[in-house]
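Each reported figure results from applying straightforward, stated rules to the coordinates on display, with no laboratory input. Just so it is clear, the model here is predicted, and its values are computed rather than measured. Cβ atoms come from the backbone with ideal geometry, glycine included; neighbour counts cover every protein chain shown.
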């Protein structure tokens, strides 16, 4: 069953682009964080719309009391670092790797993309997390990009 509004984020480790671990307890504890997850770095919708929207809206989102904006994908830390550099995320969006899909599975938002050569990936979604508790969760229907964009999250803040 997928995570829902009011649920606590499970404790797992993610990887920063320097390959160091970052626990979800540390990431979300005592902070307001916007997380958006994508099926894959460098994929068309993710690179052309999803990530650029958050880079463009980062200042407005943070002005609403958000401490950090996180882009999460089931890719390795090196890919996430290269993608962030390619997209000019700078200090606007933190790129984190869920390389083994542990977070995606723990929140029940993974999917099996083996049929198209993706393996296990994260669904496309965005959430607002306040002190480790989900305040808003927008999960996209398969092959859609309508509710997890930066403008929708900004409006929800």
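Condition check ((1) surrounded by 20 or more Cβ atoms within 10 Å (Cβ to Cβ); (2) free of Cβ contacts under 8 Å to residues at least 24 places away in the same chain) across all residues:
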{"position": "1", "(1), (2)": "no, no"}
{"position": "27", "(1), (2)": "yes, no"}
{"position": "33", "(1), (2)": "yes, no"}
{"position": "44", "(1), (2)": "no, yes"}
{"position": "48", "(1), (2)": "no, yes"}
{"position": "56", "(1), (2)": "no, no"}
{"position": "63", "(1), (2)": "no, yes"}
{"position": "67", "(1), (2)": "no, no"}
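Considering the stretch 7-17 alone, what residues qualify as being touching a residue at least 60 places away in the same chain (Cβ under 8 Å), over 25 Å from residue 144 (Cα atoms) and not in a strand (DSSP E or B)?
Selection gives 10, 12, 16, 17.
So, residue 36, is that one in contact with a helix residue (DSSP H, G or I) (Cβ under 8 Å, 6 or more places away or on another chain), in a loop (DSSP other than H, G, I, E, B) and within 23 Å of residue 145 (Cβ to Cβ) or not?
Taking the combined requirement at face value, the residue does not satisfy it.
Here is a list of conditions, (1) under 23 Å from residue 7 (Cβ atoms); (2) outside any loop (DSSP other than H, G, I, E, B); (3) in contact (Cβ under 8 Å) with a residue 12 or more places away in the chain, and residue 155 meets all of them except one; can you say which number that is?
(3)
Filtering the stretch 87-117 down to residues that are part of a helix (DSSP H, G or I) and touching a helix residue (DSSP H, G or I) at 6+ places or on another chain (Cβ under 8 Å), which residue is nearest to residue 24 (Cα to Cα)?
Selected residue: 103.
Provide a single number: the residues in the stretch 122-138 that are crowded, with 18+ Cβ neighbours inside 10 Å and closer than 15 Å to residue 50 by Cα.
6
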